[in-house]
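The values are calculated or read from the model by the stated rules, or taken from the named source; none is laboratory data. Keep in mind that this is a model prediction, so the values were computed, not measured. Here the Cβ positions follow ideal geometry from the backbone for every residue, glycine too, while neighbour counts run over all protein chains shown. For the accessible areas, the whole protein counts, side chains as well, though only heavy atoms, and no ligand, DNA or RNA atoms are used. Shrake-Rupley method; radii C 1.70, N 1.55, O 1.52, S 1.80 Å.
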Amino acid sequence: MSTETTTSTVPGTVAVLGGGRMGAGIAHAFLTAGARVTVIEIDDDAAQAARGRIENDLTASIERGKITGELSDWTDKLTTTTEDSGLGQCELAIEAVPESWDLKVSSLKRLEAALPETGWLASNTSSLSIDGLAEQLERPERFCGLHFFNPVPASKLVEVVIGARTGDELKDLAARWVVGLGKTAVTVADAPGFASSRLGVAIALEAIRMVEDGVASPEDIDNAMVLGYKFPIGPLALTDIVGLDVRLGIAEYLQQELGERFAPPQLMRQMVEDGHLGQKSGKGFYDYS
């Protein structure tokens, strides 16, 4: 694992497939670094919703003094669409769709087909195999993982995941892109859960087991990690932000790949079944209503 980088650069034109919370955040990061960004969504309503998320993030950045100028100065470089036709001149495309293998594969194939042969391709997957995804592509040497963290505008980390067939040029470029975004690149080899998800989910699963076993309340468990170990946020509060359904999917994948130590607790499964997914549903380990 390495955090070494050299000079920074940012692609001039970037496409993001998926304009949810993560996709909108990725779009915001590249916009504020100077790129022109196209966000592709499933339909017109979703495209408009994605634009609204990005505009909200840009407005917040202006109000906090992170960027200057009027909102229109930044949104003039943003396109939200349902079409792939504008990707023929795109330098980099990133898929940011939900963590489903079939959906990731179909999304990456779609982007690769629309990109020029010189275009670079990345997945924002938090756990799925980059090598496995690369096997589905025509140009695997131009593909890597760029795992952004939520919320993207505030997070300082991007995990650059290098597959066995990722080309040397992209290994260097990807780290430079991250520096160009004002973030730090942590470069890891392809492995189940990479570094961040594997460790983060392991801690979260044990915290959930502690709640399940009545060891302590969610508040006390989180406070123990924040105050005792200097975590910026407790593992249960973070699980609420990420989404219990998302973390359940990752845990099930890691259980399959790495063994029973990643088996999801029954409490986690029950909460997902009951629709208690965290912030997005209004209730998780904490109440957001």
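Descriptive notes on the structure:
- Remark on residue 146: its backbone amide H falls under 5 Å from those of 123, 124, 125, 161, a criterion applied only to residues 5 or more positions apart or on other chains, H modelled at 1.01 Å from N.
- Per-residue ³J(HN,Hα) for the range 40-45, Karplus 6.51 cos²θ - 1.76 cosθ + 1.60, θ = phi - 60°, Hz, x for Gly and Pro: 10, 10, 6, 8, 5, 4
- Straight-line cross-link partners of residue 66 among the aspartates and glutamates, defined as a Cα under 17 Å from its Cα and at least 8 positions apart when in the same chain: 55, 57.
- Sulfur and carbon atoms: percent of accessible area, the chain [1.4 Å]: 49 percent
- Stokes-Einstein D for the range 91-243, Kirkwood Rh over Cα pairs, 25 °C, 0.890 mPa s (µm²/s): 147 µm²/s
- Each Lys and Arg adds +1 at its Cβ and each Asp and Glu adds -1 at its Cβ; summed about the Cα centre, the chain shows a dipole of about 620 debye.
- Averaged over its residues, the range 134-289 has an accessible area of 47 Å² per residue, based on protein heavy atoms and a 1.4 Å probe.
- Residue by residue, the range 254-262 carries 3J(HN,Hα) couplings of 5, 4, 4, 8, 10, x, 5, 5, 9 Hz when phi is fed to the Karplus relation 6.51 cos²θ - 1.76 cosθ + 1.60 (θ = phi - 60°); x denotes Gly or Pro.
- For the range 235-285 versus the range 68-139, the inter-centroid distance based on Cα atoms is 26 Å.
- Close amide H contacts of residue 67 (hydrogens built in the peptide plane, cut-off under 5 Å, sequence separation of 5 or more or a different chain): 62.
- Scaled against the 2.2 N^0.38 Å expected of a compact globular protein of N residues, the Cα radius of gyration of the range 171-289 reads 1.16.
- Gyration tensor (alpha-carbon) shape descriptor, the range 21-153, a/c threshold 1.5: prolate
- Accessible area in the full protein assembly, largest first, 1.4 Å probe, for 142, 198: 198, 142
- Taking each of 109/156; 171/280; 156/280; 104/171; 77/109 in turn, the alpha-carbon distance tops 32 angstrom for 171/280.
- The residues of the range 71-123 expose, per residue, 46 Å² of accessible area to a 1.4 Å probe.
- Ordered from longest to shortest, the equivalent ellipsoid semi-axes for the chain are 31, 22, 18 Å, each the square root of 5 times a Cα gyration tensor eigenvalue.
- Largest-first ellipsoid semi-axes for the range 84-162, taking √(5λ) over the Cα gyration tensor eigenvalues, angstrom: 20, 15, 12
- Dipole of the range 1-103, positive end: most advanced residue of 19, 40, 9 [Cβ charges, Cα centre]: 9
- Relative contact order for the chain: 16 percent, from Cα pairs under 8 Å spaced at least 6 residues apart, divided by residue count.
- Between the amide H of residue 284 and those of 278, distances stay under 5 Å, these residues lying 5 or more places away or on another chain, with hydrogens modeled in the peptide plane.
- 3J(HN,Hα) from dihedral phi, the range 160-170, Karplus parametrisation 6.51/-1.76/1.60, rounded to Hz, x for glycine, proline: 8, 9, 9, x, 4, 10, 5, x, 4, 4, 6
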